[in-house]
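What follows is one structure encoded as structure tokens, with my remarks underneath.
The values are calculated or read from the model by the stated rules, or taken from the named source; none is laboratory data. Because the structure is predicted, anything quoted here is derived from the model rather than measured. All Cβ positions, even for glycine, are placed from backbone atoms using ideal geometry, and neighbour counts span all protein chains on display.
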Amino acid sequence: MKETRPKSRIFRRKNVILEIGSNYYDENDVKRCVGYITSLVAELDRWVLISIPDKSKGVTPDAAHAAAELLQQALQHNCQALLVLTSNTSAKIFAHALKEHGLHHKLICSESIMELLEKAESILEDATLFMDEASSRQ
């Protein structure tokens, strides 16, 4: 039997919040997710959010609009950009909802995770953002 409960992995690496979601999201799941992101960035001066939707992530239209509204509020607080990996249809629908809610000025979409990581490094002016300590010393 397939797992149908929403799953997500949200974590912080320096000034980057990574959100990896899968399965079906409704409005309550979105509120929990955005609430957790807000708590992770409370003390950051500048940060970016990278959203990496799993191929199984599905979003209802209501949830997509709720996410856009909540993110619009959360992203006002020192967020430099929202980077979305748009390698599947649900991700493209989600990105479209974000644009409809006026987030296009902070929204960067790409089908390449490497492009998004490099964009985050550029925005935060930290070329070692995604290197481990041993790699950055070389």
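Here is a check on your reading of the model: is Leu103 at pLDDT 85 or above, among the hydrophobic types (A, V, I, L, M, F, W, C) and outside any helix (DSSP H, G or I)?
No: the conditions fail for Leu103.
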Picking from Met131, Met114, which residue would you name as being modelled with pLDDT of 85 or more and surrounded by fewer than 13 Cβ atoms within 10 Å (Cβ to Cβ)? Met114
Going through the stretch 94-109 in order, the residues found to be without any contact (Cβ under 8 Å) to a residue 40 or more places away in the chain and buried (at least 16 other Cβ atoms within 10 Å of the Cβ) are Ala95, Ala97, Leu98, His101, Leu103, Lys106, Leu107, Ile108, Cys109
Pairing a residue in the stretch 3-22 that is more than 15 Å from Ala42 (Cα to Cα) and in a strand (DSSP E or B) with any residue that is among the acidic types (Asp, Glu) and modelled with pLDDT under 70, where Cβ atoms lie under 9 Å and the two sit 6 or more apart in sequence or on different chains, gives Ser22/Glu3
What number of residues in the stretch 77-95 are farther than 17 Å from Gly21 by Cα and modelled with pLDDT of 70 or more? 4
Residue satisfying all of: in the stretch 39-62; in contact with a strand residue (DSSP E or B) (Cβ under 9 Å, 6 or more places away or on another chain) and among the polar types (S, T, N, Q); modelled with the highest pLDDT among these: Ser51
